Amino acid sequence: MDASHAFKRPSRCRPIRAVLRILFCSGLLIGSGWGQPAPVQQEKLRDFDAVTLQLPYTHQFQFAGYYAAIEKGFYAQEGLVVNLREVTRGETPIDAVTSGRAQYGVAGSELVVERLRGRPVVALAAIFQHSPYVVISDARKKIRHPLDLLGKRVMMELNQRDVEIMAMFRKLGADIGRMQVKRNSWNVDDLIEGRTDAMCAYITDKPFALKKRGVAVSILKPDQYGIDFYGDCLFTSENERQMNPARVEAFLRASLRGWRYAMEQPDEVIAMIRDKYGAQTYGLTEEDLRFEADEMRKLIMPDLIPVGQMHPERWQHIAETFVELKLASRPYTLNGFLFWSKEKEPEDRWLYWLRAALFATVLVALVVILWNLQLRRQVEKRTHQLKRQNEAIQREAEALRQAEERLKASEAKFRRIYDANIMGMFYASATGHIQEANDAFLKLLGFTREDLDNGLVESMVFSDPEWHPLQPFALNEIEERGVCTPYEKDLLCRNGTRVPTIVTAAVVGPEDKSVIAIVQDISEKRRLIEEQMKTSKLEAVGVLAGGIAHDFNNLLTPILGNLSLARNTSDNTPGMDGFLQLAEKACWRARDLTQQLLTFARGGAPVKKAAVLPDLIRDSTLFALHGSNVRAQFEIDDHLATVEADQGQLSQVLQNLVINAVHAMPQGGVIRVRAHNVDKIEHWQIPSVTGKHVCIEVADSGTGISPENLKRIFDPYFTTKAHGHGLGLATSFSIIRRHDGHIGVTSQLGKGSTFSLFLPISRNVTPKEQAEPAAPKSSGKGGRVLIMDDEADIRQLVSDILEHSGFEVEASANGAETVRLYREAKESGKPFGAVILDLTVPGGMGGAETLQALRKYDPSVKAIVCSGYSNDPIMAEYEKHHFKAAVRKPFSFDEITATVAKVMTA
């Protein structure tokens, strides 16, 4: 549009031009008077005074206003030459200004703390209306609340630079001492590479640096938790204000003018920083500077608030916050902390007021004329601004609400952890009086929540020094170190019993001297220790029992052997043979007793042989019932299968079950003993097992067993009787398991119990073999046997038995002699067909060592192991040790001759 057209718009332009003419003329008149003070001020400034502005960091958009004031000549117009001084290691802007190395500086709200501590600093302007200082972390760490930082690694300074961050932590009760504080490197690589969990940073640059690296950021802002301070305040010293007030005003005017320009022309200032202030030197790109400019605009709020505005009330609130958080103390005063620009009055007061009134009149006229023209624009702009401000307030309110909800959720979470803890916990005062306890602690001592509330717990437990969980030495240790060493303490229960516990306690915090204690029940631990002691005693008994059993078996061997020999070599009358048979049977009982003693005390692998169960079941049952008022009723299958078993151990199991049945029927009665074949095991205590087994049941009609005790009936040391050791059923369980069998029990209170044994049927014995009569005895003609035993009586007995059976026998007392005799016989052409070796020979080679020596000479040697240590592993698994058979001491005439004949003919 050209000029001619422009002057054809009369309605709006003419009044504006008229007003402008009036305003111009009035300005000349007013300026003649108001312009006079300026020269007076300039007279106080030397031509181009040189001053230094201390920056807290290196060059970046954070100081854009000062760059603009220099480059656009605003400082020069005020007669100032300003030198910008970047951060110096180990020196803060406050240090530089108060020491005189700089006249002006930039710092955060820590200014007020330093003022309250007596340092002569004066605030000139608050450039940031909100502090840019925040705590950032990798979003994957899930740090959403300051309390989430407890126990984490945090990079911060712990000095005035981090004062608002520390204020946030203290307000929320987050103990900095519980964080792993590290010196701040200001390098986001420490976050990315996991060397720290969080770090203090400026919101204007670090989040963007992480975003460029592809890292999502979680930000904690102090203003979300009620700590809303100023940021990047321009300040000077008390000395500068007193000595150069005009220079202070000039510097402030030019600086604020520069900041307004920087907010209006950010792109120009970005180019200025890039080209003249070495942004690239610090690794800053144009993209970095633009992000910083956008974020700073949110903090400066130039569209809503005049740049640099400060409110005394807000500074007062900031000071009160520091006092409440014990970062400063009362009494205090902020007099002289804030700087206010003071214009000088003209000498002629009345002329000053006249000119002021004239200027005000012109200004009002201008406002009235322009009002209608700009009303819509202002309303729309203000509405937009208010909408943005309202949205910001709503976001802050929502953030605060979410923070409160997180705090409540965190408190509820810790409360649930406290209440749900399986170990007892309680709070007590510093003097030891209980204040709170969780359900586990109350349950441990038999109290209820009502007992705690009405003081019964306090009166019974915490008022008596003897039963108090926190002993005096523990309270003293807590007072000195904050925590006590765990110690054992028996506590008094509500019913008067005692419960053994381990107690440990610590103070809640440095300010709260209350004590939190953890109480752990160690009843089971003590029981296990006692059982371990019992086990150790049993092991000692086992060692003794093994020696006794071996010696006793050696004593029985000549007795039983000679009885058997007498029955087989004499023409005895029927009466005499009966007497010999009874004596022989008593010897077998004696051997069984030694075997039971060994099994009870030490266990041992079973020496399995094909067992004829009907006789074993009857004999074991009747033996256990001897002398009692209980009789047995047998139901044994006529075609009961054969099993591979250690008859001595199996007899012990049956006797244990029968004795238990007798104890369950103190008034007498009948026990039913049943034995039959089954194709599948079906029992509630035993997993389903297929395969043929022999089932032996022992049933009584006694008192029965409760469901609670059924679960523990086979546990070691468990017993429901006033006497007894609780090992009978545990030993029986162990024996049956070593036979690859199963044992279970069913019971009903008042009706009785039934114990069931399941043993796998032997695969090596067919039903036909079971029914066939025993093979005829071998005469032994032509067979040569070598015997080794350290007992002369036993050597003589075995020699007599085998010679009576037609064998040719030689005997030796030790391994070396045995090897010599075997070698000589073989070399002479009269080799031994079998060798009987005693397992243990004091002071010489035993059976196993002697066999190794014989095998080196003759790998085909046929050896039989013989020992009174019936539970020795070699006796149970003799084939693994290259023996052809095993014979337990004592043995009968038929047993030793049949074994030798079988080995020699194999």
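The values are calculated or read from the model by the stated rules, or taken from the named source; none is laboratory data. In this text, all values refer to a predicted model and were calculated from it rather than measured experimentally. Counting neighbours? That spans all protein chains shown, and the Cβs are built from the backbone with ideal geometry, glycine included.
Name the residue that is farthest from residue 879 (Cα to Cα), counting only residues in the stretch 838-855 that are assigned to a loop (DSSP other than H, G, I, E, B) and not polar (S, T, N, Q). Walk me through it before giving the result.
Applying the first criterion (assigned to a loop (DSSP other than H, G, I, E, B)) to the stretch 838-855 yields 839-846.
With the extra rule that they be not polar (S, T, N, Q), the set shrinks to 839, 841-846.
Working: 839: 14, 841: 21, 842: 24, 843: 25, 844: 23, 845: 19, 846: 17 Å.
Selected residue: 843.
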List, please: which pairs have Cβ atoms under 7 Å, are six or more places apart or on different chains, and start with a residue in the stretch 685-706 that is without any contact (Cβ under 8 Å) to a residue 12 or more places away in the chain and end with one that is assigned to a strand (DSSP E or B)? 688/681; 688/682; 690/680
Can you name the residue in the stretch 622-667 that is charged (D, E, K, R) and more than 19 Å from residue 678 (Cα to Cα) and is also surrounded by the fewest Cβ atoms within 10 Å (Cβ to Cβ) among such residues? 631
I'm told residue 870 meets every condition in (1) assigned to a helix (DSSP H, G or I); (2) closer than 29 Å to residue 555 by Cβ except one. Can you identify the failing condition by its number? (1)
Out of 104, 57, 75, sole residue that is among the aromatic types (Phe, Trp, Tyr) and either surrounded by fewer than 21 Cβ atoms within 10 Å (Cβ to Cβ) or outside the structural domain of residue 311 (by TED's automatic domain parsing) (or both): 57
Going by the conditions given, is residue 903 outside any loop (DSSP other than H, G, I, E, B), under 21 Å from residue 826 (Cβ atoms), touching a Lys or Arg at 6+ places or on another chain (Cβ under 7 Å) and at pLDDT 90 or above? yes
With criteria (1) among the hydrophobic types (A, V, I, L, M, F, W, C); (2) farther than 20 Å from residue 647 by Cα; (3) at pLDDT below 90, residue 875 comes up short on (2)
With the requirement that a residue be over 30 Å from the mean Cα position of the chain (by Cα) and either over 26 Å from residue 297 (Cα atoms) or not small (Gly, Ala, Ser) (or both), what does the stretch 185-205 give you? 185, 186, 187, 188, 202, 203, 204, 205
When the residues of the stretch 706-765 are filtered to those that are of a type in the set (Phe, Trp, Tyr), touching a Gly at 6+ places or on another chain (Cβ under 8 Å) and modelled with pLDDT of 85 or more, which remaining residue is surrounded by the most Cβ atoms within 10 Å (Cβ to Cβ)? 755
State whether one or more residues within the stretch 445-468 are within 26 Å of the chain's Cα centre (by Cα), of a type in the set (A, V, I, L, M) and under 12 Å from residue 491 (Cα atoms). no
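When you scan the stretch 634-647, do you find a residue that is at pLDDT 85 or above, closer than 25 Å to residue 750 by Cα and not in a helix (DSSP H, G or I), even just one?
Filtering the stretch 634-647 down to residues at pLDDT 85 or above leaves 634-645.
Of the ones still in play, those that are also closer than 25 Å to residue 750 by Cα are 634-635.
With the extra rule that they be not in a helix (DSSP H, G or I), the set shrinks to 634-635.
Taking every residue of the stretch 634-647 in turn, at least one turns out to be at pLDDT 85 or above, closer than 25 Å to residue 750 by Cα and not in a helix (DSSP H, G or I).
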Within the bounds of the stretch 402-424, is there any residue that is closer than 30 Å to residue 504 by Cα and at pLDDT 85 or above? yes
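Return the residues of the stretch 157-174 that are over 18 Å from residue 226 (Cβ atoms) and either of a type in the set (Gly, Ala, Ser) or touching an Asp or Glu at 6+ places or on another chain (Cβ under 9 Å) (or both); say none if nothing qualifies.
Hits for the stretch 157-174 are 159, 160, 161.
Looking only at the stretch 823-839, decide whether some residue is of a type in the set (Asp, Glu) and touching a strand residue (DSSP E or B) at 6+ places or on another chain (Cβ under 6 Å).
Just the residues of the stretch 823-839 that are of a type in the set (Asp, Glu), to begin with: 824, 827, 838.
Adding the requirement that they be touching a strand residue (DSSP E or B) at 6+ places or on another chain (Cβ under 6 Å) leaves 838.
There is at least one residue in the stretch 823-839 that is of a type in the set (Asp, Glu) and touching a strand residue (DSSP E or B) at 6+ places or on another chain (Cβ under 6 Å).
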Return only the number of the condition from (1) surrounded by fewer than 24 Cβ atoms within 10 Å (Cβ to Cβ); (2) touching a strand residue (DSSP E or B) at 6+ places or on another chain (Cβ under 7 Å); (3) among the β-branched types (Val, Ile, Thr) that residue 850 does not satisfy. (1)
